[in-house]
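Input: a single structure, listed below in structure tokens.
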Amino acid sequence: MELNDLTRMSGEWLRGTGPESDIVMSSRIRLARNLAQFPFLNRADDSVRADIERVLHREVSQLALRGEITYLDVNSLEGVDRQFLVERQLISRELADSHGSRGVGITSEENVSLMVNEEDHLRIQVLRSGLDLDACWEEINRIDDLLEQHVTYAFSERLGYLTACPTNVGTGIRVSVLLHLPALVITKEIQKVFQALQKISLAVRGLYGEGSQAMGDFYQISNQVTLGKTEEALIRNLKDVIPSIISYERKVRQTLVKENRQRLHDQVSRAYGILKTAQTISSEETMHLLSSVRMGVNLGLIDDLPIPTVNELFIHTQPAHLQKLRKAHLESAERNVARASYLRQRLAAANGSDRN
């Protein structure tokens, strides 16, 4: 698999096939691991980073995973290619913006990525469509066990797995669910959700994780600490909370439909109309309008647009994707024109129209 091949593909987590996928875009589990024989990266010079990458490149490439694995040398990639991988949720911003020897192993389904020399020596990530944390845990635990047969992790009998950031010490696990919550945003009920989550030590972040904004009404809910709790307990904590948020969002959506269906339908139709006809459009406006359209499709207010297409458009209209699709560097104004053209073409194809 070549990097350019990804522009013609869609990751499994975008297909909208998993449980509760009208509200839950994806489930994700990450594990932070470090090799015992090397210092943490904040104490490693370029030669040590190269040694770590060499060891993990070999082990990652030889993993027996479900699907072909491709290893990319992130250090040699151009900026637009690194951003492209961030937009697809395959690497973190930290890995993209770092320096020195670093890489990532990606499966053909894009539901497993193994980042080398991010904040820790290794970050294992498993993604699944919809609310499916059990499947994520089963797969990531298997991968972790396979790797531990060949490498020795930094581990303390008292503390657990040792990590660069103290908040990850213990299990090294970060459990997160990406939720689409437009109705709670419209009604300003979202703040109640944030406050309730903070009280039980759960973090709320944007589409691209820590430090990112909540674009398109997407919110990542995840654990904040790992020390002193088992992986199963942390997963169970999220599994106990997320159904309540899903139920809340669905209830508010139905209230919006019941109280003023015509107004909501008009809002959704206007959003859809702009996306189908705009000649220039920003990334921020696109995300906002797609959020309304996605909710409209799930409420039956739009019947000629499949959810996988909407999910893809959230990602494929991002700056790096547009430039990869056009095979050219585009300034901001040029991206806005290219984005509008891409939206017109994709939406026309989705509902059987020949109009560009």
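Each value in this text was obtained by applying a stated rule to the coordinates, not by laboratory testing. Being a predicted model, the structure only gives us computed values, none of them experimental. Backbone-built Cβ (ideal geometry, glycine too); neighbour counts: all protein chains shown.
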Practice problem: Please grab the % of Cα pairs in the chain that end up more than 38 Å from each other. | Solution: 18 percent
Quiz item: Among Leu31, Ser129, Ala64, whose Cα sits farthest toward the positive end of the charge dipole of the chain (+1 at Cβ of Lys/Arg, -1 at Cβ of Asp/Glu, about the Cα centre)?
Solution: Ser129
Quiz item: Which lysines have a Cα lying under 16 Å from the Cα of Lys188, excluding residues fewer than 8 positions away in the same chain?
Solution: Lys251
Quiz item: Hey, if you drop one equal point scatterer on each alpha-carbon of segment 122-216 and run the Debye formula without solvent, what base-10 log of I(q)/I(0) do you get at q = 0.18, 0.22, 0.23 Å⁻¹?
Solution: -1.04, -1.29, -1.34
Quiz prompt | Size of charge dipole - segment 3-229 - debye, nearest 20, with Cβ of Lys, Arg +1 and Asp, Glu -1, no other charges | solution = 600 debye
Self-check item: Hits among lysines - C-alpha to C-alpha of Lys199 under 18 Å, sequence gap 8 or more where chains match
Solution: Lys229, Lys239
Quiz prompt | Inter-part distance where segment 47-105 and segment 313-343 are each reduced to a Cα centre, Å | solution = 24 Å
Practice problem: At 0.36 nm per residue, minus the direct Cα-Cα distance, what do Val225 and Thr17 gain on full extension? Give it in nm, one decimal, please. | Solution: 71.9 nm
Exercise. Treat the count of other C-beta atoms within 10 Å as a stand-in for reagent exposure and order His329, His265, His121 from fewest to most.
Key: His329, His265, His121
Quiz prompt | Net lengthening on full extension, Lys251/Phe194 (0.36 nm per residue, minus Cα-Cα) | solution = 18.8 nm
Exercise. Can you run the Rg to Rh ratio on segment 215-273? Use alpha carbon positions and the Kirkwood inverse-distance Rh.
Key: 1.20
Quiz prompt | Percentage of interatomic Cα-Cα distances in segment 249-350 larger than 22 Å | solution = 31 percent
Practice problem: Consider a paramagnetic label point 7 Å from the Cα of Glu68 along Cα→Cβ; state which residues of segment 77-108 have an amide N under 19 Å from it. | Solution: 104-108
Self-check item: FRET efficiency, 1/(1 + (r/R0)^6) with R0 30 Å, evaluated for Ala50 and Gln279 via beta carbons
Solution: 0.05
Quiz item: Rg and Dmax of segment 1-131, using alpha carbons, in Å: what are they?
Solution: 14.9, 47
Practice problem: Among Gln262, Ser156, Thr187, flag the residue with its Cα farthest along the positive direction of the charge dipole of the chain, charges on Cβ as +1 for Lys/Arg and -1 for Asp/Glu. | Solution: Gln262
Quiz item: Using helices alone, what [θ] at 222 nm do you get for the chain, with -39,500 (n - 2.57) per DSSP H run of 4 or more residues, divided over all residues and rounded to the nearest 500?
Solution: -14500 deg cm²/dmol
Quiz item: What full-extension length gain, to one decimal in nm, is calculated for Ala348 and Lys327 as 0.36 nm per residue of separation minus the Cα-Cα distance?
Solution: 5.3 nm
Exercise. With θ set to phi - 60°, apply the Karplus curve 6.51 cos²θ - 1.76 cosθ + 1.60 along segment 145-161 and write out the HN-Hα couplings as whole Hz, x wherever there is a Gly or Pro.
Key: 5, 4, 5, 5, 6, 10, 10, 10, 7, 6, 9, 10, 4, 8, 9, x, 5
Quiz item: Which ³J(HN,Hα) values in Hz, rounded to whole numbers, follow from the phi angles of segment 38-52 under the Karplus curve 6.51 cos²θ - 1.76 cosθ + 1.60, where θ = phi - 60° and Gly and Pro get x?
Solution: 10, x, 4, 5, 5, 10, 9, 7, 4, 5, 5, 4, 5, 5, 4
